[in-house]
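Asker: Please see the structure below; I have some questions.
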Amino acid sequence: MSYQLVWFKRDLRSQDHLALSEASRQGPVRCIYIVEPQLWQQPDVALQHFEFIKESLEDLNVVLGQYGGCIEVHYGEVIEVFSKIIQEAPFLQLHSHQETGNRFTYLRDQKVAIWCKQHQITWHEYQQFGVIRGLKNRNQWDLAWEKLMSSPIQTIGQMHFWKTSSKIPLSMPAPKKLLHNPPQRLRGGRRLAIATLNSFLNARSIGYRGGISSPLLAPDACSRISPYLAFGCISMREVIQQTRLVLAQLPPQAVRHRAGLTAFISRLHWHCHFIQKLESEPEIEWMNMHRVYDGLRENNFNEELFEDLKNARTGWPMVDACVTMLGQTGWLNFRMRAMLVSVAAYPLWLHWRPVGEWLATQFLDYEPGIHWSQLQMQSGTTGINTTRVYNPIKQAQDHDPKGYFVRKWLPTMRKVPDSWLLEPWLMTQEVQMNSGLQLGVDLPVPKVDLKSALKESKDRLHARRKKPAVKAGKAEIVNKHASRKILERNTKKESKKVNANQLGFEF
Ligand SMILES: Cc1cc2nc3c(=O)[nH]c(=O)nc-3n(C[C@H](O)[C@H](O)[C@H](O)COP(=O)(O)OP(=O)(O)OC[C@H]3O[C@@H](n4cnc5c(N)ncnc54)[C@H](O)[C@@H]3O)c2cc1C
């Protein structure tokens, strides 16, 4: 008897899993995950991603075991694995979620489509987020998003497995040479996804509005749901519906709590909004969204400055503390991510692609669609967003004036007197002696002068921005990528009211 092959990718759950629920309606299912050697050699992956997936698969395996099945883990390139499987036990239907991934997965999926055609296999690809394949423009996008998010959660009732023994323990060694697994990162799996979401919805979200921009408060005030969404341990629709349920039950006086959850829902909307950009234009993983910016930074890449950034040795304490925290935890809040990219793109004048590859390995929640769109936005190459340049000294002043954050992550900063916290490289010899510190030895000294480097970089960008070609190319980008909510607001001349705090970005 044949079976329905369910191919798990970045959707490591059984609930609200359209591929699994549809497949199980059609017959016995066989669930597989494929460890693809070439995928794990790409520059945007890290050991932390692999281990998180492994933990999530272990969790999923327990759940499938309760239905009498398991998830099989196969090693090899996808076509090789499918060819082997079909020879051993033929199947006619392949089920998976659509994936908006990196160039490797994009090309791999094209090969899978051809292979399926050649073998008369029907490949059912299901929508996983509010991202629409083959979208022509953004006009109806918000409506479609809402429709999907308010439609019923897919549950699995009866599920029959093809020939597998239950509760197979997972054996999943990591591909060789994979690096970077932060000691304090979140662990994978649906149970932890649900626990994280519940603790946020019921308690932590009260601090969301005031806390998300502060690197000290954000680890608790933000939901921390991102890696669970990125690897599909929980579906976006589940998160939205659960949030709305909690919102509906709040008493009228729970003003802060309500504000936090409402702002959270708008972020969840952005998740799909950003992934849609990469889905509609996969080239933005490699090329400037507005091609007028081609050649702006490509030929001036300073490797030494990039190494300093990666090694938390820029000399700007806020930047170095963020890089250190990221290396230890795999996470940073939005504001600090934006600051890191801004520092890379403006005073250090680094092109976004190598910076983005490095950050992709650092972020546990690496989601290509959000990541590359944000990298371009914060580097000023989209042609449709206001240039936002974050000064790391001002960020420290605003978000860590007493130095708690920098001293937490940079132990040498504990010796720096309060009055030198923002610009420790200006400490006099005497202050250094009294503090037991030596500049250039214990503390790095910035290699670029921040003020002049910021000015020069802004001038360079604005000179490019003035070119008539910017305006000419803008309409097409807006049509394809811009949020209709923002356009509506702009036409009502309300855009000026959008302030620069994190709750009011334009896309
Ligand atoms: C340069 C840069 C790169 C980024 N790369 C990623 C990435 O690879 N993966 C990723 O999930 N997020 C990315 N973000 C967006 C954002 O920083 C993270 O989603 C957020 O910090 C994750 O923590 P959280 O789940 O606690 O967020 P919360 O504030 O609790 O938000 C809840 C969810 O909303 C979505 N969300 C929040 N902010 C944004 C945003 N600005 N754009 C799109 N979706 C958003 C995410 O799915 C997030 O999990 C990036 C931001 C920048 C500036």
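The values are calculated or read from the model by the stated rules, or taken from the named source; none is laboratory data. These numbers come from a predicted model, not from an experiment. Cβ placement follows ideal geometry from the backbone for every residue including glycine, while neighbour counts extend to all protein chains displayed. In case anyone asks, the SASA skips ligands and DNA or RNA and just uses the protein heavy atoms, side chains included. Shrake-Rupley method; radii C 1.70, N 1.55, O 1.52, S 1.80 Å.
Asker: Exactly one condition in (1) hydroxyl-bearing (Ser, Thr, Tyr); (2) open to solvent by 10 Å² or more (accessible area, probe 1.4 Å); (3) closer than 30 Å to GLN438 by Cβ; (4) within 14 Å of the ligand (Cβ to nearest atom) is false for THR324; which is it?
Answerer: (4)
Asker: Could you tell me which of the residues ARG10, ARG25, ARG30 is open to solvent by 10 Å² or more (accessible area, probe 1.4 Å) and without any contact (Cβ under 8 Å) to a residue 60 or more places away in the chain?
Answerer: Result of the check over ARG10, ARG25, ARG30: ARG25.
Asker: In addition: Kindly establish whether LEU268 is of a type in the set (A, V, I, L, M, F, W, C), within 30 Å of GLY207 (Cα to Cα) and without any contact (Cβ under 8 Å) to a residue 12 or more places away in the chain.
Answerer: Spelling it out, it is not the case that LEU268 is of a type in the set (A, V, I, L, M, F, W, C), within 30 Å of GLY207 (Cα to Cα) and without any contact (Cβ under 8 Å) to a residue 12 or more places away in the chain.
Asker: Right, another one. Which of (1) open to solvent by 10 Å² or more (accessible area, probe 1.4 Å); (2) assigned to a helix (DSSP H, G or I) is the odd one out, the single condition TRP331 does not satisfy?
Answerer: Of (1) open to solvent by 10 Å² or more (accessible area, probe 1.4 Å); (2) assigned to a helix (DSSP H, G or I), only one is false for TRP331: (2).
Asker: Given the criteria open to solvent by less than 20 Å² (accessible area, probe 1.4 Å), modelled with pLDDT under 95 and away from the ligand (no atom under 16 Å from the Cβ), does GLY403 qualify?
Answerer: no
Asker: Pairs needed: first member in segment 227-242, outside the structural domain of GLN98 (by TED's automatic domain parsing); second member anywhere, among the acidic types (Asp, Glu) and away from the ligand (no atom under 11 Å from the Cβ); C-beta distance under 7 Å; at least 6 residues apart or different chains.
Answerer: From residues that are outside the structural domain of GLN98 (by TED's automatic domain parsing), the pairs are GLY232/ASP11; SER235/ASP16; ARG237/ASP16; GLU238/ASP16.
Asker: Only one of ALA463, ALA469 is open to solvent by 20 Å² or more (accessible area, probe 1.4 Å), in the same structural domain as GLU307 (by TED's automatic domain parsing) and in contact with a helix residue (DSSP H, G or I) (Cβ under 8 Å, 6 or more places away or on another chain); which?
Answerer: ALA469
Asker: Quick check on my filter: what residues within segment 334-351 are within 16 Å of the ligand (Cβ to nearest atom), of a type outside the set (Lys, Arg) and either surrounded by fewer than 20 Cβ atoms within 10 Å (Cβ to Cβ) or free of Cβ contacts under 8 Å to residues at least 60 places away in the same chain (or both)?
Answerer: Answer for segment 334-351, where residues must be within 16 Å of the ligand (Cβ to nearest atom), of a type outside the set (Lys, Arg) and either surrounded by fewer than 20 Cβ atoms within 10 Å (Cβ to Cβ) or free of Cβ contacts under 8 Å to residues at least 60 places away in the same chain (or both): PHE334, ALA338, MET339, LEU340, VAL341, SER342, VAL343, ALA344, LEU350, HIS351.
Asker: While we're on this one: Out of everything in segment 295-311 that is among the aliphatic types (A, V, I, L, M) and in a helix (DSSP H, G or I), what residue ends up being farthest from VAL246 (Cα to Cα)?
Answerer: For segment 295-311, the residue satisfying everything is LEU305.
Asker: Given the conditions (1) open to solvent by less than 20 Å² (accessible area, probe 1.4 Å); (2) closer than 30 Å to PRO282 by Cβ; (3) at pLDDT 95 or above; (4) away from the ligand (no atom under 13 Å from the Cβ), report the number of the one that PRO354 does not fulfil.
Answerer: (1)
Asker: Kindly evaluate PRO317 against the criterion of being closer than 23 Å to THR100 by Cα, touching a helix residue (DSSP H, G or I) at 6+ places or on another chain (Cβ under 7 Å) and surrounded by 13 or more Cβ atoms within 10 Å (Cβ to Cβ).
Answerer: For PRO317, the condition - closer than 23 Å to THR100 by Cα, touching a helix residue (DSSP H, G or I) at 6+ places or on another chain (Cβ under 7 Å) and surrounded by 13 or more Cβ atoms within 10 Å (Cβ to Cβ) - is not met.
Asker: Can TRP409 be described as farther than 27 Å from VAL292 by Cβ, away from the ligand (no atom under 16 Å from the Cβ), in the same structural domain as ALA469 (by TED's automatic domain parsing) and among the aromatic types (Phe, Trp, Tyr)?
Answerer: yes
Asker: Additional query: Starting from residues that are over 8 Å from the mean Cα position of the chain (by Cα) and at negative phi, keep the ones in segment 365-380 and report whichever is nearest to the ligand (Cβ to nearest atom).
Answerer: So, considering only residues that are over 8 Å from the mean Cα position of the chain (by Cα) and at negative phi, the one nearest to the ligand (Cβ to nearest atom) is GLN374.
Asker: Further question: Starting from segment 195-222, keep only residues that are of a type in the set (Ser, Thr, Tyr) and more than 8 Å from the ligand (Cβ to nearest atom), then list their pairs with residues that are open to solvent by 50 Å² or more (accessible area, probe 1.4 Å) and modelled with pLDDT under 95 whose Cβ atoms are within a distance under 8 Å, requiring at least 6 positions of separation or different chains.
Answerer: Cβ pairs passing all conditions: SER213/ASN501.
Asker: If we scan segment 285-308, do we find a residue that is more than 30 Å from PRO347 (Cβ to Cβ) and touching a Phe, Trp or Tyr at 6+ places or on another chain (Cβ under 6 Å)?
Answerer: no
For every residue, the table says whether it meets (1) surrounded by 16 or more Cβ atoms within 10 Å (Cβ to Cβ); (2) within 30 Å of ALA482 (Cβ to Cβ); (3) not β-branched (Val, Ile, Thr).
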{"residue": "GLN48", "(1), (2), (3)": "yes, no, yes"}
{"residue": "VAL78", "(1), (2), (3)": "yes, no, no"}
{"residue": "VAL81", "(1), (2), (3)": "yes, no, no"}
{"residue": "ILE85", "(1), (2), (3)": "yes, no, no"}
{"residue": "GLN98", "(1), (2), (3)": "yes, yes, yes"}
{"residue": "TRP115", "(1), (2), (3)": "yes, no, yes"}
{"residue": "GLN118", "(1), (2), (3)": "no, no, yes"}
{"residue": "TYR126", "(1), (2), (3)": "yes, yes, yes"}
